[in-house]
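Peer 1: Please find one structure pasted underneath; my questions will follow.
The values are calculated or read from the model by the stated rules, or taken from the named source; none is laboratory data. Remember, predicted model here, so these are calculated numbers, not experimental data. When we count neighbours, we look across all protein chains shown, and the Cβ atoms used for this are built from the backbone with ideal geometry, even at glycine. These area figures cover heavy atoms from the full protein model, side chains too; ligands, DNA and RNA do not enter into them. Shrake-Rupley method; radii C 1.70, N 1.55, O 1.52, S 1.80 Å.
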Amino acid sequence: MKILLTGGAGFIGSHTLIELDKAGHEAVVLDNLYNSSPLALKRAAEIIGKEVPFYQVDIRDREGLTKVFEAHQFDACIHFAGLKAVGESVEKPLEYYENNLNGTFVLLDVMRKHGCKNIIFSSSATVYGDPEIIPITEECPKGICTNPYGKTKSMLEDVLIDVQKADPEWNVVVLRYFNPIGAHPSGKLGDNPNGIPNNLMPYITQVAVGKRKELGVFGADYDTHDGTGVRDYIHVVDLGRAHVASLKAIEQKKGVAIYNIGTGTGYSVLDVVKAFVRVNGVDVPYVIKPRRSGDVAVNYCNPAKAKMELGWEAQYGIEDMCRDSWNWQKQNPNGFEE
Ligand code: NAD
Ligand code: UFG
C-alpha cells in the first residue's frame, strides 16, 4: 500500500517507516520538522537502502497538503503529527489545541477530497485517565485527562469516530500507545528530545551518558510493589510493527477499530533503572523526589485484542528496550546534531 506518514520524521514515525518498507509498503513522509530533524530521515534511508519521499509541510497548510495529495494516490494515512509534551501543553493550551485539533481537521478534509478515507491515528493511554480497570482493556471507559495534550487525543478519537459514522467509507484505526521507548537496534535512530527530557528513558540515558547528574524519581509512595509508578513500556520497533499490522484492519474494512498497544507487563521506575544498569553495565544515580502532578500510580494494558484481530504482539522485552535506548544514546550523545 502507499501510505502517507504525517509526522514521519519524528521518533515513532521514523521507526514505523522502516517497518513499513520491510513489509513491502511504500511510505511518503510529511513533517514540518518542528520537533524533528531531517537527519532522522537520512538515517532511515541508510537503514532501508533508499530515499524516502519527503515534504516539509505543516498539516494546517491546506494548500501544501493538497499538493502532496495531488502528487500521490494514497491508500492510507498514518497520522503521527502533533505536539506531545504534557507539561508544555498546560503552559500553551491554545497552541496545542490549534496544532493538534485544527491540523487534524485540515488533514481529514483534504484526505476525503482526494478519496483517501483510511487513517491510523496515534492516540495514547492517557485517554484512560486514572484507569478503572487494570490491566486496561479497550472496554475500559475513557477517563478525565489532566492536561490539554491528553484532551486533544481524546477529542480527536471522538472526531474520527463521528467522521466514520457519517461516512462509512472511512476506516479509522485508533492505536492507544502505552509508553514507547527503545530505539532502532542499529543505533542510528532513536528518541531525540529537545532540552530537558520529560520522559523517563531519555532522562535515564542522559544521566548514563553524563549529560545530567542524576535521575529524579517522581514519587516512591505509590501503592505499587516498590512505591514508584508502574507503566507498560513498549519497544518503538514493536510499535512500528503495530502500524503495519493495523493496515489489516483497513483491508478488512472494520470501520472503527481501537487497540491498546503495549506489552501487557508493567514495570516500575526502579525496575527500569535496575534493568538498565544490569543490561548496560553503567551507573544511573537517582534521588527520590515528590510525585509529579497528573501522574497515575499504575498504567498497563491488556493487549489481547491487537493480538486476536491484527495478529500483532510485542516481541521485545524490557532488557531489549534498555539495551537499544543506550546503544542509540551512546552513539549519538547529542541526538541528531552532527
Ligand atoms: P515526535 O514529536 O517525535 O513526532 C511528531 C512529529 O510531528 C514531529 O516530527 C513534528 O515535527 C511533527 N509535527 C508536529 N506538528 C506538526 C504539524 N502541524 N505539521 C506537520 N508536522 C507536525 O513524537 P512521537 O513520539 O514520534 O509521537 C508521534 C505521535 O504519537 C504523536 O501524535 C504523539 O502525540 C503520539 N504519542 C506519543 C507517545 C510517546 O510517548 N512518544 C505516546 C502516546 C502517543
Ligand atoms: N518519571 C520519573 N522521572 C523522570 C521522568 C519520569 O520518575 O524524570 C516517572 C513518571 O513519574 C512515571 C514514569 O516515570 O511514573 C513514566 O513517565 P513518562 O514521563 O516517561 O511517561 P508517562 O507515563 O507520564 O507518559 C507517557 C507520555 C504521554 C503518554 C503516556 C501514555 O509522555 O505522552 O505515556 O501512557 F500519554
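Peer 1: Considering only residues that are within 11 Å of ligand 1 (Cβ to nearest atom) and not aliphatic (A, V, I, L, M), which ones fall in the stretch 161-181?
Peer 2: Within the stretch 161-181, R176, Y177, F178, N179, P180 qualify.
Peer 1: Return the residues of the stretch 247-293 that are basic (K, R) and either away from ligand 1 (no atom under 16 Å from the Cβ) or surrounded by 16 or more Cβ atoms within 10 Å (Cβ to Cβ) (or both); say none if nothing qualifies.
Peer 2: K248, K253, K254, K274, R278, K289, R291
Peer 1: Continuing with this model, one more query. For the condition on the phi < 0 side of the Ramachandran plot and within 14 Å of ligand 1 (Cβ to nearest atom), what is the one hit in A76, A81, A71?
Peer 2: Being on the phi < 0 side of the Ramachandran plot and within 14 Å of ligand 1 (Cβ to nearest atom) holds for just one of A76, A81, A71, which is A81.
Peer 1: Find the residue count for the stretch 294-315, including only residues that are part of a loop (DSSP other than H, G, I, E, B) and either in contact (Cβ under 8 Å) with a residue 60 or more places away in the chain or open to solvent by less than 60 Å² (accessible area, probe 1.4 Å) (or both).
Peer 2: Taking the stretch 294-315 first, the residues part of a loop (DSSP other than H, G, I, E, B) are 294-297, 300, 302-303, 311-315.
Add one more test, that the residue is either in contact (Cβ under 8 Å) with a residue 60 or more places away in the chain or open to solvent by less than 60 Å² (accessible area, probe 1.4 Å) (or both), and what stays is 294-297, 300, 302-303, 311-312, 314-315.
So the count comes out to 11.
Peer 1: Hey, G187 hits all of (1) in contact with a Phe, Trp or Tyr (Cβ under 6 Å, 6 or more places away or on another chain); (2) within 16 Å of ligand 2 (Cβ to nearest atom) but one; which does it fall short on?
Peer 2: (2)
Peer 1: Which fully enclosed strands (runs of 3 or more DSSP E) of the stretch 10-106 have 1 or more residues being open to solvent by 60 Å² or more (accessible area, probe 1.4 Å)?
Peer 2: 26-31, 54-56
Peer 1: Exactly one condition in (1) open to solvent by 40 Å² or more (accessible area, probe 1.4 Å); (2) closer than 21 Å to R291 by Cβ; (3) among the hydrophobic types (A, V, I, L, M, F, W, C) is false for V217; which is it?
Peer 2: (1)
Peer 1: Quick check on my filter: what residues within the stretch 190-200 are near ligand 2 (Cβ under 7 Å from one of its atoms), touching a residue at least 24 places away in the same chain (Cβ under 8 Å) and either under 13 Å from E88 (Cβ atoms) or open to solvent by less than 20 Å² (accessible area, probe 1.4 Å) (or both)?
Peer 2: N198
Peer 1: Right, something else. Please go through the stretch 197-213 and pick out each residue that is over 13 Å from G335 (Cα atoms), away from ligand 1 (no atom under 16 Å from the Cβ) and out of contact with any strand residue (DSSP E or B) (no Cβ under 7 Å at 6 or more places or on another chain).
Peer 2: Result: A208, G210, R212, K213.
Peer 1: Which condition number in (1) surrounded by 23 or more Cβ atoms within 10 Å (Cβ to Cβ); (2) within 8 Å of ligand 2 (Cβ to nearest atom); (3) among the hydroxyl-bearing types (S, T, Y) is the one that Y203 fails?
Peer 2: Unmet condition: (1).
Peer 1: Which of the numbered conditions does G143 fail, given that it passes all the others? Conditions: (1) buried (at least 22 other Cβ atoms within 10 Å of the Cβ); (2) free of Cβ contacts under 8 Å to residues at least 40 places away in the same chain.
Peer 2: (1)
Peer 1: Another question, then. Based on what the data block shows, is D109 outside any helix (DSSP H, G or I), in contact (Cβ under 8 Å) with a residue 12 or more places away in the chain, over 25 Å from A245 (Cβ atoms) and not hydrophobic (A, V, I, L, M, F, W, C)?
Peer 2: No: the conditions fail for D109.
Peer 1: Looking at C140, C116, which one is under 21 Å from G8 (Cβ atoms), modelled with pLDDT of 95 or more and either more than 13 Å from ligand 2 (Cβ to nearest atom) or in a loop (DSSP other than H, G, I, E, B) (or both)?
Peer 2: C116
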